Amino acid sequence: MTTKLFGEPVRRREDQRLITGKGRYLDDIGHTALAAAFVRSPHAHARIVSIDVDEALDVEGLVAIYTYEDLTGPMAEPLPVLIPHPQLHSPRTGFPLANGEVNHVGEPVVMVVATDRYVAEDVCDRIVVTYEELPVVVGVDAARAAQHAVHEEIPDNIAARHHQETGDVEPVLAASPRALSFTQYIERSACMPMEGKGVHAKWDADDSSLRVYTSTQASTSVRAAIAAKLDLSLDKVEVIAPDVGGGFGVKIVHPWPEELLVPMAAIALGREVKWAEDRREHFIGSAHERQQRQEITVGYDDDGRITALDVHIWHDNGAYTPYGIIVPIVTATQLVGPYAIPVYRVIVESVFTNTVIVTPYRGAGRPQGCYAMERTMDRIADELGLDRALVRERNLIQPDQFPYDHHLTFQDGRPVIYDSGDYPGLLVKLKDLVGWDEASRLRSDAEARGKLLGVGMALYVEGTGPGPYEGGHVQVLGSGKVLVSTGLTSQGQGHETAFAQIVASELGVPIEDVEVTTGDTRRFGYAVGTFASRAAVMSGNAIALAARGVREKALRIAADVLEAEPADLEIDEGLVQVKGVPGTSIPLRTVAVLSNPLRYAFDEAARQATQFAKPGDDDKPPIAEGDAPGLEHRDYYSPIRSTFASGAHAAIVEIDPATWEIDVVKYAVVHDCGNVVNPMIVEGQVHGGVAQGVGGALYERMAYDADGQLQNASFMDFLMPYASEVPDIDIDHQQTPSPLNPLGIKGAGEAGVIPGTAALASAIEDAVGRRIASMPISPTELYDLVRSPDSEMTATAGRRAGTGVMA
Amino acid sequence: MTSIDTERTITVTVNGVPREATVPVRRLLSDALRHDLGLTGTHVGCEHGVCGACTVVVDGAPVRSCLMLAVQVDGAEVRTVEGLAREDHQGGQVLHPVQEAFRECHALQCGFCTPGFLMTIAAGLEARDNAEELTEDEVEDMVGGNLCRCTGYANIKKAVHHAAAAMKDADA
Ligand code: FES
Ligand code: FES
C-alpha cells in the first residue's frame, strides 16, 4: 500500500519553500516594524551608577528608550525560575533590563526602539551608562574558591547541590580490590544556531490582542509567560514559531528578556516592533553549556568490573539559573550509561560565575556524563592492561536485564528505568564498523608514515522523550485535506514530513493530502516544547493516537453508509472500503462532509451534508449524544517515563608529530533509537550531532579572560567546523523498539553529539600516550601537553615502549 | 538634527529584473536585498563575512552580501536564491539542479544556511566544465567556506556530486 510510509526515507515536504528562498524566518516578518536594539553591559560584574540618554535623544528616527525604571508590575520582577527544584537552594535570575547590577558581559541594560536597526544602534552608541566595577568570578575553580561572590548574598557561589546515591559507596570502595581517582575538565561551547533569536510583536488595540512571532522551541510556554508578565489574558495572546533557523537547546529557554520587552514596546507604542539578534549578541546574550570539573573515584576488580563509582562534579551555571538544574541532573543520571554500576554516588555542585547563563545545548549534560564514565573505563583498562572494549563489555547491562532500574531520579522527576536496549550488540557492531581489532596494524602503518594513530570509543544511553505530555490534532476536511497540528515547534527536524508520514500511515491517506502545523498556539494551545529528543516520541505518538481516533470515527460513519461493520472496513488512499469488496467504498472526504450535519449549503460538498440532503432517522438527533460534529480528533500522549535510546561511537585519529594537527580519519556510529519514522531524517540528525561532537572535542571553546570578557565572540574566532573539519561518518543501525509507546520509537535528535568528546579524547590519548584530562584540545595544547614534563604518560604507552611502567 | 545618513539611488538588475532603490550609503547589500527589495531568501548568519549564509552572485561571482554595501552594486547584476529556479513554458517552476539535489540528498535541515550554499554551489558548478569529473577535493573547496550547524555537511557534499551529475547529463 502506498500510504504506509512509516519507516520510509520520504523526501522532506518543508524543503520546497526552503530551497527557493520562500521560508519565513523571524527577520523575514514585519517589513514595516520598528526595530529594537539593546545597550548591553560591557562589564562582567558591575553596579550601574547612572544611565544618561541626553546625547541620544535628538537622533532622527528614535522612537523610545526603556530602562529598568520603565518596567512596571510583573515586568519589574526577576525573570522566572522556570524549573524549580528542592536542591536548587539559591536560584537567581536577572531582570528583563538590568536592575542596578549586571552579572555578565552582554546583560541587557537599555532597550532602544527606532525606525530601523541602523538608527536604533546609533542611539545605543550615544547612551552613556556609568558603571562601578565589581570583582569578577570566571570558571568553576574560581567560583569554588569563592574569593569573590557573583551574588553578594551567596558567598560560596553555590546555587545548587544535587546529590543522588544508590547505596553506601564508601565501604564498597574501601573493600574494592582496586580503585583509582582522577580529575578532568570539559570546557564551554554553545548551540550556535545559524539563525539567532528574534521576536516580532504586533498589538491590535481595537481587539486588545497581541500576536508574537518568536524564534523559539516553546511557543505555548512563551505565550503563557508573556500573558503573565504583561498582565494579559491568555486568550488575547498568540505566539507563533515561524521557520526557525536551528535551535539545539538555546531557544527552549524562555522568556528571554527580549521576548517580553518587544511585546511590551509594541503595546506601549501601538506599532509593530521587531528585534533580530545579531551574532555578537548571540555569543554574549544567549546561553552556553558544558563547562565542568569532574572528580571521579572508581572501585573495580582485577577483571575491570566496576564495584563502586563516586563522582563529584563542579558545574558552571553562569550568572543565573533560569533553567534550574536540568543540565546537572542530566549529567548526574546519564553518566552511568549502558553500564551496571553496583553502587553509585554523584554530587553536582552548580556554581555561579560572571558569564553567560548555562542552559541545555544538544545533549544537555550528557556529553559531560559520557566523558566522565567513558574516560573512567579507559583508565581502568589502562591500569589493568586490558582492551578498552573488553572492560566496557564486562560492565554492560545485558539484554535480559530490561527493564533495568538504576535507582536514580531523572530530569523529569521520574525513575531512570531503561525500557529496552541491546548494548553488547552495539559494541559488537561498533568494533566491526571501525575495525577495532585492526588497530595495532593501523598504528604501525601510520608510524611508518611518520604519524601517530590512535583509536577510541564511547558508549552512551540517552533518556529521550520525557513528559509530561504532547498533544496532536487531526482533522479531515470536506476537500479531503488532512490538517494535523501539534503544539511543539520545529527547528529543522523535518516534523512536517515525519508527522505526515505517521498520519498517512495511520489513516490511510496519501501524504500529499496531509498538512502539518507545529508551534502555532492558534492551532494547538497545549504543549511543552521541543527539547530532550522528544518531538518524535511525544508528538509523534500523540498524533498517531489522534489519527487513530479519526480513523475510528470515520469507520463508524462509513459503516452506517455502507451498511457494514466498522471492523470489516479499511481505509486506503483516502477511500473507506469494505475489505475484499472492491467498489463498495466511500471517499474519506465524503465521510468528513457527512460528519458535520449542516443547515447552510455554501459549496458543493456542503450541499451533500445539509439537513434535507440525506434522510435522517426522525427519532435520533443529528449529532448523537456524546458525539461531536466534524471528522477530527484530539489526543495526548503522556508517558510514565522517558524512553532510553543508546549508541556507540568510535574514532580513529592520526596526529602529525610535526604540527600536532589532529586528523579524524575514521568516525563510526552505531545507533539505536527504536523504530524509525524516517531513516533519512534520523541519519541527518546523526551527521549533524557528530559534527557538533567533533567541534566540541577539537575546536569550540568559549574563551573568557579573567575579566569575564568573551575573547572570541565571533565566527572568526569561535571555531565551528566547516566541511573540511567534519570526518566522513560510517553509520550502522540497531533497532530495539520502546515498549513504552504505541509507535515503539525513541528520540534521535541529540544522540550524535553525546560521545564525541569522550571518544576523541580516548583516541588522542591512545595516539600520543599522554593522559588527556581536559577537553576540547587544540594542536597547540596537545603540543604543550606532550612537551610538558608534568604530563602523565599512560600505562599503555609505557607498555608499548617496553619501559615496564605499570606493565 | 540631521540624519547621519546620506542616501543614493541605485539601479541594479536582480534576478533579471531591473530594480531601483534609494538606500542610505551605509546600507549593507544583504539588508538592501532583504528589507528594501523584499528578497528575504538571502539570510544573515553572522554579518561579519564568515558563515556564507548571505552569499549571492554579483556579476557571476559569489560574494558575501553582508560584506558589501548596497551602493557598490549600482549597475551590477545580482542573482539571489529567488532567481535560481526558472519558469517553464507553462509558467511552472523548474528547480535548478542544485536545488533538486539538496532536496533529494537531504542536504538541509533548518534551511537557514541553505540559500548561501545553493548560490555558492550553483556559481561554482556553472563556472566549471561539467564534462570533467568533479573530485572530492573540489567539492570540499566549493562548500568549504560556508557554515552549516545542522547537517554536518555529508549530505551537502553528496548534493554537489548529485547536481554536477545532473548538469553533466543535461549538457550531454
Ligand atoms: S552573514 Fe554574511 S557571511 Fe555570515
Ligand atoms: S541546515 Fe540549518 S544551518 Fe544548515
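The values are calculated or read from the model by the stated rules, or taken from the named source; none is laboratory data. Source: prediction; values computed, not measured. No Cβ is skipped: glycine too gets one built from the backbone with ideal geometry, and neighbour counts run over all protein chains shown. To get the accessible areas, we keep the full protein, side chains included, count just its heavy atoms, and leave off ligands, DNA and RNA. Shrake-Rupley method; radii C 1.70, N 1.55, O 1.52, S 1.80 Å.
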Problem - Cross-link reach list, lysines versus A:K451, counting only Cα pairs under 25 Å and skipping chain neighbours closer than eight places - result: A:K431, A:K666
Exercise for the section: Taking amide H positions as placed in the peptide plane 1.01 Å from N, state which residues far from B:V14 in sequence (5 or more) or on other chains have amide H under 5 Å from it. Expected result: B:R19, B:V78
Exercise for the section: With θ set to phi - 60°, apply the Karplus curve 6.51 cos²θ - 1.76 cosθ + 1.60 along segment B:65-82 and write out the HN-Hα couplings as whole Hz, x wherever there is a Gly or Pro. Expected result: 6, 7, 9, 10, 8, 4, 5, 6, 9, 4, x, 8, 10, 10, 10, 10, 4, 5
Practice task
Ignoring everything but the protein chains, give the 1.4 Å probe accessible area of A:Y526 in square angstrom, nearest 10.
Solution key: 140
Problem - Positive-end residue of B:G124, B:G16, B:C66, charge dipole of chain B with Cβ unit charges - result: B:C66
Handout entry: the protein assembly as shown: calculated mean residue ellipticity at 222 nm from DSSP helix runs of at least 4, using -39500 (n - 2.57)
Key = -8000 deg cm²/dmol
Exercise for the section: Starting with the highest mean, order A:719-729, B:34-44 by the number of other Cβ atoms within 10 Å, averaged over the residues of each peptide. Expected result: B:34-44, A:719-729
Handout entry: Separation between Cα centres of segment A:300-345 and segment A:621-649, rounded to whole Å
Key = 35
Fill in the blank from the handout: Partner shielding of A:487-494, as the mean number of partner chain Cβ atoms within 10 Å, equals 3
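Compute the length gained on full extension between A:R556 and A:Y783: take 0.36 nm times their separation in residues and subtract their Cα-Cα distance, giving the result in nm to one decimal.
74.5 nm
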Completion exercise
For B:R86 and A:D141, extending 7 Å from Cα along the Cα-Cβ vector and measuring point to point gives, in nm, a value of 6.3
Practice task
Go ahead and run the numbers for FRET between A:A703 and B:A61, Cβ-Cβ distance against an R0 of 35 Å, rounding to 0.05.
Solution key: 0.55
Problem - For segment A:113-183 and segment A:427-500, distance of Cα centres in Å - result: 31
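Which whole number gives the average count of other chain Cβ atoms within 10 Å of the Cβ atoms across peptide A:279-289?
1
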Exercise for the section: With a cut-off of 15 Å, note down the residues of segment A:749-782 whose backbone N falls inside the zone around a label point 7 Å from the Cα of A:L719 toward its beta carbon. Expected result: A:775-782
Completion exercise
To the nearest 20 debye, segment B:86-171 has a Cα-centred charge dipole, built from +1 on Lys and Arg Cβ and -1 on Asp and Glu Cβ, of 500
Handout entry: Residue (of A:Y722, A:V250, A:W436) at the positive-pole extreme of the protein assembly as shown, dipole from beta-carbon charges
Key = A:W436
Exercise for the section: Sort A:D419, A:D168 by accessible area with a 1.4 Å probe, largest first. Expected result: A:D168, A:D419
Practice task
In whole Å, largest first, what are the principal axis extents of the Cα atoms in segment B:7-83?
Solution key: 29, 24, 20
Exercise for the section: Heavy atoms only, probe 1.4 Å: what % of the accessible area of chain A goes to carbon and sulfur, would you let me know? Expected result: 49
Problem - A:A658/A:E295 FRET efficiency (R0 56 Å; Cβ-Cβ; nearest 0.05) - result: 0.95
Practice task
Could you order peptides A:792-799, A:585-592, A:189-196 by the average number of other Cβ atoms within 10 Å of their residues, highest first?
Solution key: A:189-196, A:585-592, A:792-799
Exercise for the section: Mind listing the long-range amide H neighbours of A:T464? Cut-off is under 5 Å, sequence gap 5 or more, other chains count too, H placed in the peptide plane at 1.01 Å from N. Expected result: A:T643, A:F644, A:A645, A:G747
Practice task
Please state, rounded to one decimal and in Å, the Kirkwood hydrodynamic radius that the protein assembly as shown gives when every pair of distinct Cα atoms enters the mean of 1/r.
Solution key: 29.8
Exercise for the section: Give the cross-link partners of A:K251 among the lysines, using a straight C-alpha distance below 25 Å as the criterion and excluding same-chain residues fewer than 8 apart. Expected result: A:K22, A:K197, A:K202, A:K229, A:K236, A:K274, A:K746
Exercise for the section: Could you give me the radius of gyration and the Dmax of segment A:467-637, taking only the C-alpha atoms into account and expressing both in angstrom? Expected result: 16.8, 54
Problem - Environment charge at A:H282 (Cβ cut-off 10 Å; Lys +1, Arg +1, Asp -1, Glu -1) - result: -1
Practice task
Subtracting the Cα-Cα distance from 0.36 nm times the residue separation, let me have the gained length for A:A175 to A:A448 in nm, one decimal.
Solution key: 93.7 nm
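Work through the residues other than A:T72 whose Cβ is under 15 Å from its Cβ and net out their charges, Lys, Arg +1 and Asp, Glu -1.
Working: positive: A:K229; negative: A:E69, A:D70, A:E77, A:D231.
My count for the surroundings of A:T72 gives -3.
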Exercise for the section: Return the sequence-ordered ³J(HN,Hα) values of segment A:287-296 in whole Hz as given by the Karplus equation 6.51 cos²θ - 1.76 cosθ + 1.60 applied to θ = phi - 60°, using x for Gly and Pro. Expected result: 8, 10, 7, 3, 5, 8, 10, 10, 10, 10
Handout entry: At R0 = 56 Å, FRET efficiency that the Cβ-Cβ distance of A:K481 and A:T183 yields, to 0.05
Key = 0.40
Problem - Number of partner chain Cβ atoms within 10 Å, mean per residue of A:56-62 - result: 2
Handout entry: Qualifying aspartates and glutamates (Cα of each under 15 Å from Cα of A:K4; at least 8 residues distant if same chain)
Key = A:E506, A:E512, A:D513, A:E570, A:D572, A:E573
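Count charges around A:T643 for me, please; just the other residues with Cβ under 9 Å from its Cβ, Lys/Arg as +1, Asp/Glu as -1.
Details: positive: A:R641, A:K746; negative: A:D419.
With Lys, Arg at +1 and Asp, Glu at -1, the net is +1.
How big is the Kirkwood radius of segment A:651-807, worked out from every pair of different alpha carbons and given in Å to one decimal? Please report the intermediate quantities before stating the final value.
Values: mean 1/r = 0.0565 Å⁻¹.
Result for segment A:651-807 stands at 17.7 Å.
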Problem - Sequence ranges A:550-561, A:243-254, A:285-296, ranked by mean other-Cβ count within 10 angstrom, highest first - result: A:243-254, A:285-296, A:550-561
Exercise for the section: Identify, among A:L743, A:I284, A:A650, the residue whose Cα sits farthest towards the positive end of the charge dipole of the protein assembly as shown, taking +1 on the Cβ of Lys and Arg and -1 on the Cβ of Asp and Glu, with the dipole about the Cα centre. Expected result: A:L743
Problem - Overall Cα dimensions of segment B:86-171, principal axis frame, Å, largest first - result: 38, 31, 18
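Note the full-extension length gain between A:F602 and A:K22 as 0.36 nm times their separation in residues minus their Cα-Cα distance, in nm to one decimal.
Values: separation 580, 0.36 × 580 = 208.80 nm, distance 3.28 nm.
Using 0.36 nm per residue and subtracting the Cα-Cα distance, I get 205.5 nm.
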